[in-house]
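Colleague: Structure below; questions to follow.
The values are calculated or read from the model by the stated rules, or taken from the named source; none is laboratory data. Note that the coordinates shown come from a computational prediction; the quantities given were computed from them, not determined experimentally. Cβ coordinates were reconstructed from backbone atoms using ideal geometry, including for glycine residues, and neighbour counts include every protein chain displayed. The accessibility values were calculated without ligands, DNA or RNA, using every heavy atom of the protein model including side chains. Shrake-Rupley method; radii C 1.70, N 1.55, O 1.52, S 1.80 Å.
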Amino acid sequence: RDPLWSRGLGDVYKRQGFQEFDRVLGGGIVPGSVVLIAGEPGIGKSTLLLETAGNIARSYRNANGTVLYISGEESQAQVRLRATRINAVEPNLLLAATTDLATALGLIERYKPTLAIVDSAQTIISQDVDGISGGSTQVREVASALIDTAKTLDVPVLLVGHVTKDGSIAGPRTLEHLVDVVCQFEGDSATALRLLRAVKNRFGPTDEIGCFDMSGEGIEEVSDPSGLFLSSNGDAGSTPVEGTCVTFTLDGHRSLPIEVQALVTDSVLPTPRRAVNGVDNSRIAMLTAVLYRHGKLNLLGNDLYVSTIAGGIAKEPGCDLSIVAALASAAKHAPIARTTCAIGEISLTGQVRPVPRLEYRLREAARLGFTTAVTPVLRKRVSVAGLNIIQVDSLRDALESLGLAGR
């Protein structure tokens, strides 16, 4: 690797079980770089970084390295309480509570830590410029000063950023231009799943995501998220259940299995109900019409309920075939084998169209124990060991291969 990585923290993350963070950053943190972590309030930004600080401090305990955590939102007692709860207290983890920029810079210059964390950019105030805390002028000045100190002392800085109501990072757009890496920490407050996504990265790719699980003891990485998005009875040897079908979506370079569940009931309302979760409502209306016209299965007068597992998102066009298969399975009371997955986009003409990086998805399916995959016609020959690939050209052929064809 480049000499800059000789003092990087990528190896530390790997040894301490934070490979997911390492994956998103492109291999680790480059000395002197500034990484901006943004996310909704309460999503777990401070917990993630405090646990990261504890891991790094634990690794550098015998190397006379220190980690500095500066909080402008909480007192030292509050930060220490959280550190104790998540088992991040270390002798060389230094905690400071201040909102003054000069004090924060002085601490970094004095201790020259292995890693510095500032929580957050919107709470630190510079006495040299006018403006309220979190204002454009203050945020720009704080970011510029921290970046200059990080480059001068060769100290990597993790900087927490707030977001506005529409989800964009608070403060001037200049903030995102100044820092080296911008990461979004995302998740649904109703679930424990958290995703770390790189939006900008001067040292690596921006098409990787990291999966984390939020719990009362802190944040744990999820190196294999397949179990999150599949139901508990999703093992290959379990009894199949009607109204379910598994597909594989792409998020960056990572292929994620998503289980789509459907429930079809007789409607007693003048207008049948359509309730969805994790899928596009307008897409369900279109697929229902295509299923009626080209699949010879009439669900227009039924109440339809379609959902995914554990907050998974199945809004990619490649999930169309699995949604239709789940609906047909629920309507005909015919379960689909647990070892079968369906991947493909469905057009208004009833054609099953190819999806990007299909071979990558199929290899992931075979790794997770799937033995059969219903896919569009492949443009080139693909052979995946242990996986029977059934290529279909139309919706009618796909339903027949799954044993779900209507009359």
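Colleague: Give me a count of the residues in the range 337-360 that are among the hydroxyl-bearing types (S, T, Y), in contact (Cβ under 8 Å) with a residue 60 or more places away in the chain and either touching a helix residue (DSSP H, G or I) at 6+ places or on another chain (Cβ under 8 Å) or buried (at least 17 other Cβ atoms within 10 Å of the Cβ) (or both). I'd like the intermediate steps shown before the answer.
Modeller: In the first step, residues of the range 337-360 are kept if they are among the hydroxyl-bearing types (S, T, Y); the result is 339-340, 347, 349, 360.
If we keep only those that are in contact (Cβ under 8 Å) with a residue 60 or more places away in the chain as well, we get 339-340, 360.
Now restrict to residues that are either touching a helix residue (DSSP H, G or I) at 6+ places or on another chain (Cβ under 8 Å) or buried (at least 17 other Cβ atoms within 10 Å of the Cβ) (or both): 339-340.
Selection size over the range 337-360: 2.
Colleague: Looking at the range 323-336, is at least one residue over 31 Å from the mean Cα position of the chain (by Cα) and free of Cβ contacts under 8 Å to residues at least 60 places away in the same chain?
Modeller: Initial filter on the range 323-336 (over 31 Å from the mean Cα position of the chain (by Cα)): 331-334.
With free of Cβ contacts under 8 Å to residues at least 60 places away in the same chain added as a condition, the list becomes none.
No, because not a single residue in the range 323-336 is over 31 Å from the mean Cα position of the chain (by Cα) and free of Cβ contacts under 8 Å to residues at least 60 places away in the same chain.
Colleague: Conditions first: (1) open to solvent by less than 10 Å² (accessible area, probe 1.4 Å); (2) part of a loop (DSSP other than H, G, I, E, B); (3) touching a Pro at 6+ places or on another chain (Cβ under 7 Å). F248 passes all but one, so which condition is the exception?
Modeller: Result: F248 fails condition (2) only.
Colleague: Right, another one. What's the number of the only condition in (1) under 28 Å from P356 (Cα atoms); (2) at pLDDT 95 or above that L304 fails to meet?
Modeller: The failed condition is (1).
Colleague: Tell me whether the range 149-167 contains one or more residues that are over 10 Å from A38 (Cβ atoms) and of a type in the set (G, A, S).
Modeller: yes
Colleague: Identify all residues within the range 105-137 that are out of contact with any helix residue (DSSP H, G or I) (no Cβ under 9 Å at 6 or more places or on another chain) and either over 18 Å from E73 (Cα atoms) or open to solvent by less than 10 Å² (accessible area, probe 1.4 Å) (or both); write none if there are none.
Modeller: The answer is G106, R110, Y111, T137.
Colleague: If you don't mind, another one. From the list V89, V163, V79, V118, pick out the single residue that is at pLDDT 95 or above and either under 26 Å from E217 (Cα atoms) or under 24 Å from the mean Cα position of the chain (by Cα) (or both). Spell out the reasoning first.
Modeller: Details: V89 fails: at pLDDT 95 or above; V163 fails: at pLDDT 95 or above; V79 fails: at pLDDT 95 or above.
Just a single option satisfies the conditions, and that option is V118.
Colleague: Now for a separate question. For H177, work out the one condition from (1) farther than 30 Å from T308 by Cα; (2) open to solvent by 30 Å² or more (accessible area, probe 1.4 Å); (3) touching a residue at least 40 places away in the same chain (Cβ under 8 Å) it doesn't fulfil.
Modeller: Every condition holds for H177 apart from (3).
Colleague: Filter the range 138-156 down to the residues that are farther than 30 Å from R61 by Cβ and open to solvent by less than 10 Å² (accessible area, probe 1.4 Å) and list them by number.
Modeller: Scanning the range 138-156 gives Q138, V139, V142, A143.
Colleague: Among what's in the range 352-407 and is hydroxyl-bearing (S, T, Y) and modelled with pLDDT under 90, pick the residue that is nearest to G243 (Cα to Cα). Lay out the reasoning, then the answer.
Modeller: Of the range 352-407, the ones hydroxyl-bearing (S, T, Y) are 360, 371-372, 375, 383, 394, 401.
From what is left, the residues that are modelled with pLDDT under 90 are 360, 383.
Values: Y360: 26, S383: 29 Å.
Once the filter is applied, the top-ranked residue is Y360.
Colleague: Look through A275, A314, A385 and report the one residue that is aliphatic (A, V, I, L, M), more than 17 Å from L404 (Cβ to Cβ) and crowded, with 19+ Cβ neighbours inside 10 Å.
Modeller: Answer to the check: A314.
Colleague: Can you pull out every residue in the range 195-215 that is open to solvent by 40 Å² or more (accessible area, probe 1.4 Å) and touching a Lys or Arg at 6+ places or on another chain (Cβ under 6 Å)?
Modeller: Residue satisfying the conditions is M214 alone.
Colleague: Can you tell me which residue in the range 317-336 is nearest to Q391 (Cα to Cα), limited to those that are touching a strand residue (DSSP E or B) at 6+ places or on another chain (Cβ under 6 Å) and surrounded by fewer than 24 Cβ atoms within 10 Å (Cβ to Cβ)? Please lay out each step first, then the result.
Modeller: Our first condition is that a residue be touching a strand residue (DSSP E or B) at 6+ places or on another chain (Cβ under 6 Å); within the range 317-336, this holds for 317-323, 325-327, 330-331, 336.
Keeping just the survivors that are surrounded by fewer than 24 Cβ atoms within 10 Å (Cβ to Cβ) gives 317, 331.
Details: P317: 17, A331: 24 Å.
Once the filter is applied, the top-ranked residue is P317.
Colleague: Among the residues of the range 278-304, write down those that are among the small types (G, A, S) and either open to solvent by 20 Å² or more (accessible area, probe 1.4 Å) or in contact (Cβ under 8 Å) with a residue 40 or more places away in the chain (or both).
Modeller: S282, A285, A289, G295, G301
Colleague: Still on this structure: List the number of the failed condition for A365; all other conditions in (1) part of a helix (DSSP H, G or I); (2) within 22 Å of the chain's Cα centre (by Cα); (3) small (G, A, S); (4) surrounded by fewer than 24 Cβ atoms within 10 Å (Cβ to Cβ) hold.
Modeller: Going through the list (1) part of a helix (DSSP H, G or I); (2) within 22 Å of the chain's Cα centre (by Cα); (3) small (G, A, S); (4) surrounded by fewer than 24 Cβ atoms within 10 Å (Cβ to Cβ), A365 breaks only (4).
Colleague: Looking only at the range 291-313, count how many residues are assigned to a loop (DSSP other than H, G, I, E, B) and out of contact with any Lys or Arg (no Cβ under 9 Å at 6 or more places or on another chain).
Modeller: Residues of the range 291-313 assigned to a loop (DSSP other than H, G, I, E, B): 295-301, 309-313.
Now drop any that are not out of contact with any Lys or Arg (no Cβ under 9 Å at 6 or more places or on another chain), which leaves 298-301, 309-313.
Going through the range 291-313 one residue at a time, the tally reaches 9.
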